[in-house]
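First comes the structure, then the notes that go with it.
Read the figures in this text as sums done on the coordinates, not as results from a lab. Just so it is clear, the structure is predicted and the values come from calculations on it, not from any experiment. Cβ placement follows ideal geometry from the backbone for every residue including glycine, while neighbour counts extend to all protein chains displayed.
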Amino acid sequence: MRILRTESEEETINLGKKIGAKLGGGDLLLLKGDLGGGKTTISKGIAAGLGAKEEVTSPTFTIEQIYKGKNDICIFHYDFYRLSAGDITEFELLENLKNDKAVFLVEWPENLEADLPHERIEIILTFINKTVREIQIKTFGAKYKNFLEDI
Ligand SMILES: Nc1ncnc2c1ncn2[C@@H]1O[C@H](COP(=O)(O)OP(=O)(O)OP(=O)(O)O)[C@@H](O)[C@H]1O
Ligand SMILES: [Mg+2]
């Protein structure tokens with residue numbers, strides 16, 4: 001596990017870029033923590049680090065947004081804050097997870113009922129004050145054994 005602190009939105013985006021640049025596809029990232037903690041902000045960086053050119057916006061209302069990254073990687077960005085029982089989007093995520101070229105960024109995964117794969121990265125953002133966030137990064141599974149070394 002790694003625990004970092006960022007002191008501005010830009011620092012969080014830059015951390016996201018570093019993380020995104022290390023992903024190669026078939027990655028599941030769970031983004032947890034406070035409302036306004038920076039889950040969407042770090043997602044902007046992760047998508048940019050993966051080569052996405054489009055602006056990443058919050059999927060709060062659309063629930064799912066898809067971006068194209070480098071090497072044909074598809075970035076699926078979800079926000080399950082408003083998920084209600086039986087919502088089709090949860091099943092779509094489970095179907096899409098079979099795509100081993102894609103990268104999945106999932107805000108509010110706590111609201112899902114389904115079991116997610118064990119092999120994953122969890123990023124937990126805690127609001128310290130208006131500009132400071134504590135960011136914990138945890139990896140699960142052999143694939144990410146050395147992932148945090150240079151982050
Ligand atoms: N160090 C920081 N890191 C990230 N965001 C920061 C930081 N300092 C201030 N901010 C601000 O905090 C807000 C974070 O909002 P963001 O939408 O990324 O949060 P979120 O976790 O996705 O919220 P939600 O749970 O509503 O989806 C932004 O307005 C951003 O400018
Ligand atoms: Mg958000």
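A compact table of results
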| read-out | value |
| --- | --- |
| Qualifying residues in segment 94-111 (those that are in contact with a Leu (Cβ under 7 Å, 6 or more places away or on another chain) and buried (at least 18 other Cβ atoms within 10 Å of the Cβ)) - the one farthest from Lys17 (Cα to Cα) | Pro109 |
| Segment 31-51: number of residues that are aliphatic (A, V, I, L, M) and surrounded by fewer than 22 Cβ atoms within 10 Å (Cβ to Cβ) | 2 |
| Set Arg120, Arg82: member being in contact with a Leu (Cβ under 9 Å, 6 or more places away or on another chain) and within 26 Å of Thr12 (Cα to Cα) | Arg120 |
| Segment 35-55, residues that are closer than 21 Å to Thr89 by Cβ and over 12 Å from the mean Cα position of the chain (by Cα) | Leu35, Ala52, Glu54 |
| Filter result (away from ligand 2 (no atom under 16 Å from the Cβ) and part of a loop (DSSP other than H, G, I, E, B)) within segment 11-40 | Lys22, Leu23, Gly24, Gly25, Gly26 |
| Exclusive hit being away from ligand 2 (no atom under 16 Å from the Cβ) and hydroxyl-bearing (Ser, Thr, Tyr), set Ser8, Ser58 | Ser8 |
| Test: residue in segment 73-83 that is more than 14 Å from the chain's Cα centre (by Cα), away from ligand 2 (no atom under 16 Å from the Cβ) and crowded, with 19+ Cβ neighbours inside 10 Å | yes |
